[in-house]
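The values are calculated or read from the model by the stated rules, or taken from the named source; none is laboratory data. Nothing here was measured: the structure is a model prediction, and the numbers come from that model. No Cβ is skipped: glycine too gets one built from the backbone with ideal geometry, and neighbour counts run over all protein chains shown. Heads up: the accessible areas ignore ligands, DNA and RNA and are worked out on the full protein's heavy atoms, side chains in. Shrake-Rupley method; radii C 1.70, N 1.55, O 1.52, S 1.80 Å.
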Amino acid sequence: MGNVAQLLQSYLPRLLFERVASGRPFSGPEARRVPAAVLLSDIQGFTSLVETFAAAGRAGLEELTWVLNAYFADLAEVVYTHGGDVLYVAGDAFFCIWPAASADALGEATLRAAQAAREIQLRLHDRDAGRGRRFATRIGVSAGELIVAYVGGEGGRWELLSSGDAIRDVAAAERAATAGGVVLSGRAWSLVSARCSGHPVAGGAAALDSVREPVAVAAQRERGQMADGDTVLRPFVPPSVLDRLDTLDAGWLAELRPVSVLLAGHPELADVAGESLRRIHEGVRVFQHVVERFEGTVRLDVDDKGIMLLAVFGLPPRSHEDDAERAIHAAAMLREALGPLGVALGAGIATGRAFCGAFGSDLRREYMVRGDVINLAARLMRLADDSTLCDEATVQAARGRIAFEAMPPVAVGGRSRPVAVYRPAGRTERARPADSPVIGRERERAALAERIALLRAGGAGGTVLLEADAGLGKSRLVA
């Protein structure tokens, strides 16, 4: 198998890879129910960890890249060694699953997940991250029905979504865990309590102390080769990764980038099966289409509250001077397009720096985007109801092009003062270019003037490609 194909397939969870590798074309949304154990591992205080390293500049980011890469690679190794699969990474949380062949086999799958959880804590909790910081990990494990669905399909990309009792319960178990601890949901504990030691916690869950009678380790089999893997897998890999394939390895330095984040969600988009499947499929397809139109990057997160539609504007290679404005227009178009489907969508938009980059190993990789900007967008989304709310940084970035209505400030966790909140109120008339002359760019201005003169003289029309990094005056020159 070629190196490129191996890199590409590592960005897909095993479930999705096996579905794509089956050769059966997607003809519409799909969903299936499987009994499974689910493990949710979360890094506590990750945002402040990033801020500590970012304060040290490029050297700090390089250090953080290496330690986080090693963390993810080691976690994936433990999960796959114990027969599991890293389903997806949501922020700094890792969702891992152990599908069971039947309901009767769910107990063994849960025991494997519990064993993996204990080993992850032994290897990763309190690991030295450098610069006086340590990784604090807490883990929840659940067992029950897992609904796996494939929806969307815009541009050949099918998004894997999951829901069910196992997803709901694992989030509650993880929240009940302390740093360094593992908490099993009530259902999970009932399946493994005869072979484990633990003590009760709130809600019928139990904190795992030890596994007295472990099951034999059974690693996942190797992923097979795939015909035309380079072509078939590309729609499922983030554009930022595809853009950097030539330099994609464990040493690919992560970065802090200015981005605008759009988060939209609705509690009704929680059950990805039954009659809701078609509705969710259409909603995700619309979301994919809208975000692609404004050249953002799509990411979907699923938790116990439902599906969150996440779009990031400003990730490479899709970085623009007007990313904040694009996010606002995308939110408006998304809400307008989803209205006929009966989905009343609340959206939050925040602008700021995000820590992003590719992490992991050949077993499993993810392009991760994390930062306080995402936390703030999520907070605004939860307050938005059937509207769009923005933070002050977004307002400043889009000022002069979008009108805003000031809303009452809101309290946000981790912030000492209330946060200013605004609601987009429509376009404003674009400001005319300044009357002062453009300094320099004589060659470029001459080339543009020549094309305009030819057109005025009756010559054929054409296209002029103007290319430069953000902030170098492309809009001013064109104006």
Query raised in the report: Within the range 354-374, restricting attention to residues that are assigned to a helix (DSSP H, G or I) and among the aliphatic types (A, V, I, L, M), which residue is nearest to R221 (Cα to Cα)?
Result: I374
Report summary line: Contact list, first residue from the range 129-142 and without any contact (Cβ under 8 Å) to a residue 60 or more places away in the chain, second anywhere and open to solvent by 10 Å² or more (accessible area, probe 1.4 Å) and part of a strand (DSSP E or B), beta-carbon distance below 8 Å, six or more apart or interchain, is R134/R127; R134/D128
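Collect the residues in the range 297-333 that are among the small types (G, A, S) and either at pLDDT below 95 or out of contact with any helix residue (DSSP H, G or I) (no Cβ under 6 Å at 6 or more places or on another chain) (or both), keeping them in residue-number order.
Scanning the range 297-333 gives G306, S319, A327, A331, A332.
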Query - Inter-residue pairs, beta-carbon under 8 Å, first closer than 14 Å to T351 by Cβ and crowded, with 23+ Cβ neighbours inside 10 Å and in the range 376-389, second modelled with pLDDT of 95 or more and among the hydroxyl-bearing types (S, T, Y), 6+ apart - result: L389/Y422
Report summary line: Requiring at least 3 residues that are over 14 Å from I139 (Cβ atoms), the strands (runs of 3 or more DSSP E) wholly within the range 162-222 are 196-200
Report summary line: For the range 1-28, the count of residues that are more than 19 Å from F359 (Cα to Cα) and either of a type in the set (K, R) or at pLDDT 95 or above (or both) equals 2
Query - Of all residues in the range 26-46 being under 20 Å from the mean Cα position of the chain (by Cα) and open to solvent by less than 30 Å² (accessible area, probe 1.4 Å), the one that is farthest from D169 (Cα to Cα) - result: F46
Query raised in the report: Do the conditions hold for G203, that is, is it without any contact (Cβ under 8 Å) to a residue 24 or more places away in the chain and either touching a Leu at 6+ places or on another chain (Cβ under 9 Å) or surrounded by 13 or more Cβ atoms within 10 Å (Cβ to Cβ) (or both)?
Result: no
Report task. Could you please find all residues in the range 333-359 being of a type outside the set (A, V, I, L, M, F, W, C) and surrounded by fewer than 24 Cβ atoms within 10 Å (Cβ to Cβ)? Result -> R335, E336, G339, P340, G342, G346, G352, R353, G357
Query raised in the report: Within the range 298-327, how many residues turn out to be open to solvent by 10 Å² or more (accessible area, probe 1.4 Å) and under 15 Å from A264 (Cβ atoms)?
Result: 8
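Results for (1) within 27 Å of N3 (Cβ to Cβ); (2) in contact with a Gly (Cβ under 6 Å, 6 or more places away or on another chain); (3) of a type in the set (K, R); (4) in contact (Cβ under 8 Å) with a residue 12 or more places away in the chain, shown as yes or no for each residue.
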| residue | (1), (2), (3), (4) |
| --- | --- |
| G181 | no, no, no, yes |
| D209 | no, yes, no, yes |
| E213 | no, no, no, yes |
| V241 | yes, no, no, yes |
Query raised in the report: Considering I147, I139, which residue is open to solvent by less than 10 Å² (accessible area, probe 1.4 Å), within 27 Å of T52 (Cα to Cα) and either over 26 Å from the mean Cα position of the chain (by Cα) or among the aliphatic types (A, V, I, L, M) (or both)?
Result: I139
Report task. For the range 214-249, enumerate the residues that are open to solvent by 70 Å² or more (accessible area, probe 1.4 Å), more than 22 Å from the chain's Cα centre (by Cα) and at pLDDT 80 or above. Result -> P214, A216, V217, T231
